[in-house]
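A.B. asks: There's a structure below that I have some questions on.
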Amino acid sequence: MQSTKENIRIGFYVCHCGHNIAAMVDCADVAKYVKGLPNVVLSRDYKYMCSDPGQELIQKDIREYKLNRVVVASCSPLLHEHTFRSATAAGGLNPYYFHMVNIREHDSWVHTDRGEATVKAKALAHAAIDRVAFHKALETKTVKINPDALVVGGGIAGIHAAMTLANAGKKVYLVEREPSIGGHMAKFDKTFPTLDCAACILTPKMSEVGAHPNITLWSYSEVAQVDGYVGNYKVRVKRKPRYISEERCIGCMDCISACVFKEPKFEDEFNEGLGKRKPVYIPFPQATPQIVVIDPNVCLNFKRTKGPDGTPIVSDRCKKTCVEACGDKNAIDFTQKEEIKEIEVGTIIVATGFKTFDSKRVPAYGYGIYKNVYTALEIERLVNASGPTGGEVILREGKNPDGSPKHPKSIGIIHCVGSRDKKTNVWCSRVCCMYSMKLAHLLKEHTGAEVYNFYIDIRAPGKGYEEFYNKLLDEGVHFIRGRVGEVTDWAMTPEEEGKLVIRVEDTLAGYVRRIPVDMVVLSSGLEPQADAQDVRRLFNMSCGTEGFFLERHPKLAPVNTFTDGIFIAGACQGPRDIPDTVAQAGAAAAEALVLIDKGFVEQEPNTAFILDEECSGCKSCIPLCPYSAILYDETRKKAHINEALCKGCGTCVAACPSGSIVQNLFEDEQIFSEIQGVLAYD
Amino acid sequence: MKYSYYPGCSLKGQGRAYEESLLPVMRHLGIELEELPDWNCCGATAYMAVDEGKACVAASRNLAIAEKAGLQQVLAPCSACYLVLNKTQHLIHDYPQIKSAVDRAMTSVNLKYSTDIPVRHPLDVLISDVGVDAIKQKVTHPLKGLKVAPYYGCQIVRPYATFDDQFNPTSMDRILEALGATMVQFPLKTKCCGGSLTGTLPEAGLRLSYIILKEAIKRGADVIATVCPLCLFNLDSFHGKIAAKWESARIPTVYFTQLMGLAFGMTAKQMGLQRGLVPMKPLASAPACCAARTAAAAT
Amino acid sequence: MEMTRTIKYEADRVKGFGEEVMSVPGCEKLKDCIQCGTCSGVCPLSIYMDFTPRQVIEMTRFDFKNEVLGSKTIWLCASCYACSVECPQQIGITDIMYELKQRAIKEKVYPRGLPTPVLAQEFTKMVHDYGRVNEILLATKMYMKTNPLAAMGMSTLGLGMIKTGRFSMIQEKIQGRADLARMLETVDEGK
């Protein structure tokens, strides 16, 4: 079975990884076992193979013992395959004569019986020893990186990433789903713990993006398709019709005041439904781009029914006073259709953000049942000077005896709504403690009300955060440690009449309390966007069990994904606050710059190739290739694989009826010998 | 449709008006009920407090009898019975030690527990199998103008929400609305009535009943509709004590099946309404004889 | 003034008690408790408890067996399951209360004069002997054993029951009494 052409001399190393492996696997025993296997010249166990001395050991042994194969049994190849390949190369061998065995993630970390874990390590080592004998010398290939980049999502993460790349002189496409960039941050009034005005620090960045010569901003657009590979992505972007010519609209908003609807009548998404807008609108005064949008669902000039393809049908029923007002600018175009733009980029940063937990899912807290129960995001708009009430905190329900709007005299803020709960989202949403305190401060400042925070634990681990908590205590904001059981409107005592009653255990005092308040604020948690799974598939990324995009490594590659050239930033990867988001966006931009400025990447030589004499020319592989890497040579009636396009997925190898496609690093004899090896241990 | 009817002790005792109204109403809707032969007490909440293993064994005997009789579904109108029978199935399912205890007990008397026969509440059967429309069609005397506080109590939606929402159940609301009645907004729908604590620790137990009664009155209800014999007992029987301790909160409490019967043209007497301690006022829409009888029952 | 020591020493713990409770079906998740207090917040009877449900959980976890089994809290639980359903860690708090009740009865350490455990035991006896329960007889028995005077206070209710035809002194019995008793006994044999 074994190749007789050369004299195989294998060096084997088993790594203790401190206690990570050694605590569950008897490494010395594994080394002793492997020593007795065929072709093994030396077998060692060592504390940290990835350390400098560990790598030098490999190099020295290659030279001294004339090794021509190296196997290391340690952690995941994701972490250190590159390290050991480099060490092998430094020792004078082709790096592909190296093979790695994962006895940490696949063994010591997942087992509890040391004897059995050791047996498994031996079996896995045996498989690698049998396999590596069939390894061949391979050459890596390089591919060029297109210097243009795509940033998906125009929240603070996307804005910062795009600005960083653009300021470094790279051309950036910024694609945003909504009519304006700004994301959640644009809705906030102040930011914690410094209480800077969110708009004051965000809107200058938004205008810079809008005006930057290196940034192509496509708002009201979505990525529809992504093809290609690192350095060479082909992306199709869907540009939704806003029924306004972006080139001609100057943002004067004359059309809005001219609209046949004299008063705003429709739910204003930007103000969380607390305000109203017209069918033609601009989401908020500082919106970027400063271009209006027409909502065909409510505009009189569109029919209520949609066409067979789902597109709105123009009714021409309206007097079109907006068109009149627009005049010569002639920017309104009711016939605008969805448009697809094709771009080529080398790197992509996904910064699609989060959505807030739907508080209706916790019926015990009464959101949607009692009008004076609010979400935190609604309060952000309510305390905002540019919000629907101009910053006046007015209750939705109830009036003063003289008919004037009522202000709350007591407010309860409930933390962890939807978070830290196995019935909904198990994770801590990280930002709610701090934003709850910020809102507590703002509400107290605006209304002078008694403010109660109901919390399970106060999590204030950022810079200046604990100090902010102390400030709130000094301001007389109340903190009650207890997860609220219920918000209800039935009264037991006279002072509860007409109020919302919060029933909670004050766990520190040990009393169950009923606290009547005028207003309840629900600090809803953060969760993945509703379409996160679609986006994940679009960009060939992974998601954690909770649905946030998965980073390549939680510690060492936090903005990388498992797809080269695609990076993640901000709350799409997990709940985080603005400073962390901006830092991560900068990191993602830097990672993209590494590729762009290097200009090329080395690729795994795990490509497939065709054994020419055996190919029957049946063409069955050609339509199966997801990368369109297989061509058919009409003259020779043979298939041919373009190595530059092949990503090594192996689909064609498995499908070829004559077995005439071979994949580097996955050749039949390599795999069969590995299987025999793993089964050989008994 | 045929169901095995598991009345439980209450429906043969102080809660007999529930049975008296349930049986004709179900028959009227074409549902056949066959009483489970020689059934025994489910064990209620009390048995679980003494010995969980025995509680499961006692309850599972009923399920084994149903299985032996070849019955497909068990109908348990009492909330405690409904919960205990379901809980027993869950425990047998999830815990091998409980399953083996039950199997041992079964073997000792030549019974067998092998399948989980669905145990269902009349609300579930009415809303899921019969349907609101079919109920509506049978209404001859709509309950126009009757304001009802729909009270579900604890144990039909907790801990297992199988046929309705756990926090805001609506199955009874929908049925009663189909009868022409109006529901008042009632946030205490699934609050505890005090259970057996009204007897053992009245200080604590009666307070819960009082809150429910008081809020139903405050929200303008004419009557509280319930699905459980213990809830009805607690809400109906302690008005003197409640008045002495807090304030008078007299409002009639009836089984939802009694209201169904009235809407189907059955008489108050047939529906056992005379068994309530706080009488329900006669309905304007009731047949003359019926109104007279309800009035008679009220005196 | 009489002073009570409230500090707890390790010797006050009955080591292993918490682990034992957590090994019972339905009680396993007790160890996941984060002490948020939701159980107490939703418990309709928490207002009369000597320890809140949350405290009972913590005391159980740390082996304060005597304090837990002697508490009124477990007997105030009406089994409404609100705590179990709302618990963010999905701890079967109602089942834990049942388990604690069973232990308190077994060890006869429940607070004196509390009728609830007496009722529970009379109930099971009735089921064992007859297969069915007569609520009127059961209540009478309980009052006679715990507080005969209170029984007098219930006379109005009794009269009401008679008037509405819901009063019955006849004990219903099932035919399979012997079978049921046999089945229940196998549980003790299996222990």
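The values are calculated or read from the model by the stated rules, or taken from the named source; none is laboratory data. Everything numeric in this text was worked out from a predicted model, so none of it was measured. We place every Cβ from the backbone using ideal geometry, glycine too, and count neighbours over all the protein chains shown. To get the accessible areas, we keep the full protein, side chains included, count just its heavy atoms, and leave off ligands, DNA and RNA. Shrake-Rupley method; radii C 1.70, N 1.55, O 1.52, S 1.80 Å.
A.B. asks: Could you list, in sequence order, the residues of segment C:40-64 that are touching a residue at least 24 places away in the same chain (Cβ under 8 Å) and open to solvent by 40 Å² or more (accessible area, probe 1.4 Å)?
C.D. replies: Scanning segment C:40-64 gives C:TYR48, C:GLU58, C:ARG61, C:PHE62.
A.B. asks: If we keep just the residues of segment A:234-269 that are hydroxyl-bearing (Ser, Thr, Tyr) and in contact with an Asp or Glu (Cβ under 7 Å, 6 or more places away or on another chain), which is farthest from A:ILE294 (Cα to Cα)?
C.D. replies: First, the residues of segment A:234-269 that are hydroxyl-bearing (Ser, Thr, Tyr): A:243, A:245, A:257.
Those still in the list that are in contact with an Asp or Glu (Cβ under 7 Å, 6 or more places away or on another chain) too: A:243, A:245.
Details: A:TYR243: 6, A:SER245: 11 Å.
Here the answer is A:SER245.
A.B. asks: For segment B:12-36, enumerate the residues that are of a type in the set (A, V, I, L, M), under 25 Å from B:LYS68 (Cα atoms) and either surrounded by fewer than 23 Cβ atoms within 10 Å (Cβ to Cβ) or facing chain C (nearest Cβ under 7 Å) (or both).
C.D. replies: Answer for segment B:12-36, where residues must be of a type in the set (A, V, I, L, M), under 25 Å from B:LYS68 (Cα atoms) and either surrounded by fewer than 23 Cβ atoms within 10 Å (Cβ to Cβ) or facing chain C (nearest Cβ under 7 Å) (or both): B:LEU23, B:ILE31, B:LEU33, B:LEU36.
A.B. asks: OK, next. Quick one: is B:ASP103 without any contact (Cβ under 8 Å) to a residue 12 or more places away in the chain, in contact with a Pro (Cβ under 8 Å, 6 or more places away or on another chain) and not small (Gly, Ala, Ser)?
C.D. replies: no
A.B. asks: Among the residues of segment B:155-163, are any over 30 Å from B:SER100 (Cα atoms) and of a type outside the set (S, T, N, Q)?
C.D. replies: No, the conditions are met nowhere in segment B:155-163.
Conditions tested, residue by residue: (1) open to solvent by 10 Å² or more (accessible area, probe 1.4 Å); (2) under 23 Å from A:LYS355 (Cα atoms); (3) not hydrophobic (A, V, I, L, M, F, W, C).
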position	(1), (2), (3)
A:LYS171	yes, no, yes
A:PRO193	yes, yes, yes
A:ILE201	yes, yes, no
A:PRO204	yes, no, yes
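A.B. asks: On to the next question. Please verify whether B:GLN72 is in a loop (DSSP other than H, G, I, E, B), out of contact with any helix residue (DSSP H, G or I) (no Cβ under 7 Å at 6 or more places or on another chain) and of a type outside the set (Phe, Trp, Tyr), treating the condition exactly as stated.
C.D. replies: yes
A.B. asks: A follow-up question, please. What pairs come up if the first residue lies in segment B:143-163 and is among the charged types (D, E, K, R), the second is in a strand (DSSP E or B) and open to solvent by 10 Å² or more (accessible area, probe 1.4 Å), and their beta carbons are under 7 Å apart, counting only those six or more places apart or on different chains?
C.D. replies: Qualifying pairs under 7 Å: B:LYS147/B:THR182.
A.B. asks: Right, here's the next one. Could you list, in sequence order, all residues of segment B:147-199 that are of a type in the set (S, T, N, Q) and away from chain C (no Cβ under 11 Å)?
C.D. replies: B:THR162, B:ASN168, B:THR170, B:SER171, B:THR182, B:GLN185
A.B. asks: Ok, one more. Take segment C:60-95 and flag every residue that is within 10 Å of chain B (Cβ to nearest Cβ), aliphatic (A, V, I, L, M) and over 15 Å from the mean Cα position of the chain (by Cα).
C.D. replies: Result: C:ALA82, C:VAL85.
A.B. asks: While we're here: So C:ILE34 fits all but one of (1) at pLDDT 95 or above; (2) open to solvent by 90 Å² or more (accessible area, probe 1.4 Å); (3) in a loop (DSSP other than H, G, I, E, B); what number is the exception?
C.D. replies: (2) is the only condition that C:ILE34 fails.
A.B. asks: May I pose another question? From the list A:ALA73, A:ALA117, A:ALA137, exactly one residue is in contact (Cβ under 8 Å) with a residue 24 or more places away in the chain and in a helix (DSSP H, G or I). Which is it?
C.D. replies: That would be A:ALA117, the only listed residue that is in contact (Cβ under 8 Å) with a residue 24 or more places away in the chain and in a helix (DSSP H, G or I).
A.B. asks: Return the residues of segment A:499-518 that are touching a helix residue (DSSP H, G or I) at 6+ places or on another chain (Cβ under 8 Å) and either in a strand (DSSP E or B) or away from chain C (no Cβ under 14 Å) (or both); say none if nothing qualifies.
C.D. replies: Within segment A:499-518, A:ARG503, A:VAL504, A:GLU505, A:VAL512, A:ARG514, A:PRO516 meet the criteria.
A.B. asks: When you go through B:PRO122, B:PRO159 one by one, which is the residue that is under 18 Å from the mean Cα position of the chain (by Cα) and open to solvent by less than 30 Å² (accessible area, probe 1.4 Å)? Even if it seems obvious, please write down each step before you answer.
C.D. replies: Values: B:PRO159 fails: open to solvent by less than 30 Å² (accessible area, probe 1.4 Å).
Exactly one of B:PRO122, B:PRO159 is under 18 Å from the mean Cα position of the chain (by Cα) and open to solvent by less than 30 Å² (accessible area, probe 1.4 Å), namely B:PRO122.
A.B. asks: Which one of the conditions (1) more than 7 Å from chain B (Cβ to nearest Cβ); (2) over 30 Å from C:GLU28 (Cα atoms) does C:GLU99 fail to meet, given that it meets all the rest?
C.D. replies: Result: C:GLU99 fails condition (2) only.
A.B. asks: Inspect all residues belonging to segment A:510-525 and state whether any of them is of a type in the set (Phe, Trp, Tyr) and either open to solvent by less than 30 Å² (accessible area, probe 1.4 Å) or within 27 Å of A:VAL431 (Cβ to Cβ) (or both).
C.D. replies: For segment A:510-525, residues of a type in the set (Phe, Trp, Tyr) and either open to solvent by less than 30 Å² (accessible area, probe 1.4 Å) or within 27 Å of A:VAL431 (Cβ to Cβ) (or both): absent.
A.B. asks: Failed condition for B:SER128, given (1) surrounded by 15 or more Cβ atoms within 10 Å (Cβ to Cβ); (2) touching a strand residue (DSSP E or B) at 6+ places or on another chain (Cβ under 9 Å), with all others met?
C.D. replies: Here B:SER128 clears every test but (1).
A.B. asks: Let me ask something additional. Looking at (1) among the acidic types (Asp, Glu); (2) touching a strand residue (DSSP E or B) at 6+ places or on another chain (Cβ under 7 Å); (3) part of a loop (DSSP other than H, G, I, E, B), can you tell me which one A:GLU344 breaks?
C.D. replies: Failed condition: (3).
A.B. asks: Any chance you could count how many residues in segment B:51-86 are within 12 Å of chain C (Cβ to nearest Cβ), within 27 Å of B:LEU126 (Cβ to Cβ) and crowded, with 24+ Cβ neighbours inside 10 Å?
C.D. replies: 9
A.B. asks: Take residues that are open to solvent by 30 Å² or more (accessible area, probe 1.4 Å) and under 22 Å from C:TYR48 (Cα atoms) and tell me which of the helices (runs of 4 or more DSSP H) falling wholly in segment B:181-249 contain 3 or more.
C.D. replies: B:202-218, B:239-245
A.B. asks: Another question, then. Residues that are in contact (Cβ under 8 Å) with a residue 24 or more places away in the chain, facing chain B (nearest Cβ under 8 Å), more than 17 Å from B:CYS42 (Cα to Cα) and not hydrophobic (A, V, I, L, M, F, W, C): does segment C:145-158 have at least one?
C.D. replies: The answer is no; no qualifying residue exists.
A.B. asks: Quick check: anything in segment A:578-601 at pLDDT below 95 and not in a helix (DSSP H, G or I)?
C.D. replies: The answer is yes, given that some residue of segment A:578-601 is at pLDDT below 95 and not in a helix (DSSP H, G or I).
A.B. asks: Consider B:TRP39 against the criteria (1) in a loop (DSSP other than H, G, I, E, B); (2) at the interface with another protein chain (Cβ under 9 Å from one of its Cβ atoms); (3) farther than 25 Å from B:ASN234 by Cα; (4) touching an Asp or Glu at 6+ places or on another chain (Cβ under 8 Å): it satisfies all of them except one. Which criterion is unmet?
C.D. replies: Of (1) in a loop (DSSP other than H, G, I, E, B); (2) at the interface with another protein chain (Cβ under 9 Å from one of its Cβ atoms); (3) farther than 25 Å from B:ASN234 by Cα; (4) touching an Asp or Glu at 6+ places or on another chain (Cβ under 8 Å), only one is false for B:TRP39: (4).
A.B. asks: Any chance segment C:122-138 includes a residue that's modelled with pLDDT under 90 and more than 10 Å from chain B (Cβ to nearest Cβ)?
C.D. replies: Scanning segment C:122-138 turns up no residue that is modelled with pLDDT under 90 and more than 10 Å from chain B (Cβ to nearest Cβ).
Yes/no matrix, rows are residues, columns are (1) modelled with pLDDT of 95 or more; (2) touching a Lys or Arg at 6+ places or on another chain (Cβ under 6 Å); (3) part of a loop (DSSP other than H, G, I, E, B); (4) outside the structural domain of A:PRO558 (by TED's automatic domain parsing):
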| site | (1), (2), (3), (4) |
| --- | --- |
| A:GLY327 | no, no, no, yes |
| A:TYR374 | yes, no, no, yes |
| A:LEU395 | yes, yes, yes, yes |
| A:ILE411 | yes, no, no, yes |
| A:ILE414 | yes, no, no, yes |
